[in-house]
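Chemist: The following block contains the structure, expressed as structure tokens.
The values are calculated or read from the model by the stated rules, or taken from the named source; none is laboratory data. Quick caveat, the model's predicted, so the values are computed rather than measured. Using ideal geometry, Cβ is built from the backbone for each residue, glycine included, and neighbour counts are taken over all protein chains shown. Note: areas computed on protein heavy atoms with side chains; ligands, DNA, RNA excluded. Shrake-Rupley method; radii C 1.70, N 1.55, O 1.52, S 1.80 Å.
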Amino acid sequence: MVVDGVVGAGGSEPESSDSLRTFGAVVQALREHARLSREEFADLVRFSKHTVASVELGRRMPDPTFVDRAEEVLGNTGVLRKALPTLARQPGLAAWFRRWARLEATAITLYTYECRLIPGLLQTEAYARQLFADELPPLEDEQIEAQWAARAERQRLLRERPNTAFSFIIEEQLLLRHTGGRETTRELIDHLLEVSELRNVEIQIMPLERESHAGLHGPIRLLETPENQWFAYNEGQLSGQLISDRKVVSVLQQRYARMRSQALTIPDSLSLLQRMRGDL
């Protein structure tokens, strides 16, 4: 199953980028030059041997703390620190999601409507980890770590692209479900309220009761590129589809525009979130 572009155990393995594989090979070469086993190196950098293996095999984006500690252990050559900013930051993403993720990283407008789960860009770590824990077939710890790293990396867009307009419409039922428990939901609502304070982010709640709803066909994702070209993306259980057909994109734009008028206003949405927070 795929959850917001992250591949699960039942799908194909996410492919590592060339830059991640090269970085991992350099780490391994430096470690072996220092005559350290993977286990010994893991103890010295204070990360698990599974994390070290994932980095060396190019399956995981290295944490900056990992890089700093690895430099200290391996002679402070500076090679790893200089290479870190150049890495392709897409570990853990399903192959079919990657083109959308690349477009997403430079988009000037992003619209998201979700009725199944809180969108990945808005998830907390506890909420996301509950989704990963619910995957079938079950995921390994290493896979969960790689998937959360990929999701956390994408979330940087909200703050690193202040000139990008983000709009989210989410169903009230997603919060009433209490995925992960009440404490996880409380933390999630706090996070939504915090993110909503960003000038470039708009969050609207679609209430439980609505006589008219333009989103009954399912989730919608739309983005506008710097060249003012629009794309849409549709994701299912084990696949995703990038849509460039202008007629299809136009229909989805119309539906999203209608839903913005059907959902609660932004102030009313924030008020609802605050009331829901108080009821937990």
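Chemist: In square angstrom, what is the accessible area per residue of the chain with a 1.4 angstrom probe?
Modeler: Accessible area per residue: 50 Å².
Chemist: Cα centroids of the range 142-172 and the range 255-274: how far apart, whole angstrom?
Modeler: The range 142-172 and the range 255-274 have Cα centres separated by 20 Å.
Chemist: Skipping prolines and chain starts, which residues have an amide H placed within reach, meaning under 5 Å, of the one on Arg59, given they are 5 or more residues away or on another chain?
Modeler: none
Chemist: Next question. What's the magnitude of the charge dipole for the chain around its Cα centre, counting Lys and Arg as +1 and Asp and Glu as -1 at the beta-carbon? Answer in Debye, nearest 20.
Modeler: 660 debye
Chemist: Share of the range 103-257's accessible area from carbon and sulfur, percent, 1.4 Å?
Modeler: Looking at the range 103-257 in its full context, I get 47 percent from C and S.
Chemist: For the chain, modelled as a GNM with alpha-carbon contacts under 10 angstrom, which of Glu202, Glu153, Glu227 fluctuates the most?
Modeler: Of Glu202, Glu153, Glu227, the most mobile in the Gaussian network model is Glu227.
Chemist: Kirkwood hydrodynamic radius for the chain: how many Å is it when counted over pairs of different Cα atoms?
Modeler: 20.2 Å
Chemist: Taking 2.2 N^0.38 Å as the expected size of a compact globular protein, what ratio does the Cα radius of gyration of the range 115-228 give against it, to two decimals?
Modeler: For the range 115-228, the normalised Cα radius of gyration is 1.14.
Chemist: Could you derive backbone 3J(HN,Hα) for the range 41-58 from the dihedral phi with the Karplus parameters 6.51, -1.76 and 1.60 (θ = phi - 60°), listing whole Hz in sequence and x where the residue is Gly or Pro?
Modeler: Calculated HN-Hα couplings, in order: 5, 4, 5, 5, 8, 6, 10, 5, 5, 5, 5, 4, 4, 5, 5, 5, 8, x Hz.
Chemist: Hey, another quick one. Using amide H atoms built in the peptide plane, which far-off residues or other-chain residues are under 5 Å from Glu202 H to H?
Modeler: Those qualifying (amide H under 5 Å, at least 5 residues apart or on another chain) are Phe166, Ser167, Phe168.
Chemist: Treating the beta-carbon of each Lys and Arg as +1 and of each Asp and Glu as -1, no other charges, what is the dipole magnitude of the range 154-280 about its Cα centre, to the nearest 20 debye?
Modeler: 240 debye
Chemist: Of Ala42, Gly215, Leu139, which is farthest towards the positive pole of the chain's charge dipole, taken about the Cα centre with +1 and -1 on the beta-carbons of Lys, Arg and Asp, Glu respectively?
Modeler: Gly215
Chemist: What's the extension gain from Glu197 to Ser250 if we count 0.36 nm per residue and subtract their Cα-Cα distance?
Modeler: So the extension gain works out to 16.1 nm.
Chemist: Sticking with this structure for a sec: Between the helical axis of 18-33 and the dominant principal axis of the chain, each derived from Cα atoms, what acute angle in degrees is found, rounded to the nearest 10?
Modeler: That works out to roughly 30 degrees.
Chemist: Please list, ordered by chain and number, the residues whose modelled amide H lies under 5 Å from the amide H of Ile243; skip anything fewer than 5 residues away on the same chain.
Modeler: Here the answer is Ala232, Tyr233, Asn234, since their amide H atoms fall under 5 Å of that of Ile243.
Chemist: If each residue of separation counts as 0.36 nm, what is the full-extension length gain between Glu227 and Lys49 once their alpha-carbon separation is subtracted? Don't skip to the answer; put the middle values down first.
Modeler: Details: separation 178, 0.36 × 178 = 64.08 nm, distance 4.45 nm.
Length gained, Glu227 through Lys49: 59.6 nm.
Chemist: Toward the positive end of the charge dipole of the chain, about the Cα centre and with charges on Cβ (Lys, Arg +1; Asp, Glu -1), which of Ile170, Val249, Ser196 goes farthest?
Modeler: Going by the charge dipole, the pick is Val249.
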